[in-house]
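Rule-based calculations on the coordinates, nothing more; no lab input. As the structure is a prediction and not an experimental result, all values here were calculated from the model. Don't worry about glycine lacking a Cβ; one is built from the backbone with ideal geometry, like all the others, and counts go over all protein chains shown.
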Amino acid sequence: MKLTTYLNFNGNCAEALRFYETHLGGKVTQVSTFGQMPGPPVPPERKDQIMHARITIAGQEVMASDGPPNAVEPMRSVYLALSVDTDEDAERIYGALTEGGQVFMKMEETFFAHRFGQFRDKFGVNWMVIHERPMG
């Protein structure tokens, strides 16, 4: 059995995937648009949107697509948690992904982490970035 995260975007999936490739070292491995689907034609405004895509981030596969118009809402109670090995990586990723987003907890030292921050990026995806502190 395998559990895979599937993200829906509001018409900006391709932009989000490029952003994650740039700032998280991700690698897009598959992209299919609605215009490539067999069957009846899709509305012109949807033909270049992403029907299904895959990106590998930190060794984990994430699937993604552009959801139905006006049906995609920002994540509420789910986060993608990204563990990093250095304070510098935590700060770099936090800085890149919070730009244009909403910070819930600023990047700082905590009792459980050298660096920890929570936020929603400009694409509506919630993230936690953590450089964990060894716990006894």
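In terms of its C-alpha gyration tensor, the chain has a prolate overall shape, because the principal axis ratio a/c (a ≥ b ≥ c, square roots of the eigenvalues) is not below 1.5 and a/b outweighs b/c. Each Lys or Arg adds one and each Asp or Glu takes one away; over the other residues whose Cβ falls under 15 Å from the Cβ of residue 85, this sums to -2. Counted by Cβ distance under 15 Å from residue 99, the other residues give a net charge of +2, where Lys and Arg count +1 and Asp and Glu count -1. Taking a straight Cα-Cα cut-off under 18 Å and skipping sequence neighbours fewer than 8 places away in the same chain, the aspartates and glutamates within cross-link reach of residue 47 are 15, 66.
Once you have the Cα-Cα distance between residue 56 and residue 108, take 0.36 nm times their residue separation minus that, and quote the gain in nm to one decimal. Could the numbers behind the result be given before it?
On the way: separation 52, 0.36 × 52 = 18.72 nm, distance 2.72 nm.
That pair, residue 56 and residue 108, stretches by 16.0 nm at full extension.
Here the simple spin-label model places points 7 Å from the Cα toward Cβ, and for residue 135 and residue 81 these points are separated by 0.8 nm.
Counting only alpha carbon atoms, the long axis of helix 13-24 and the longest principal axis of the chain meet at about 30°.
Over the chain, calculate the relative contact order: mean separation of alpha carbon pairs under 8 Å at least 6 apart, over the residue count, as a percent. RCO, the chain: 22 percent.
Considering only alpha-carbon pairs that sit under 8 angstrom and 6 or more positions apart, the relative contact order computed for the stretch 5-66 is 43 percent.
Restricting the count to DSSP beta bridges whose residues both fall in the chain, what percent are antiparallel, rounded to a multiple of 5? That works out to approximately 70 percent antiparallel.
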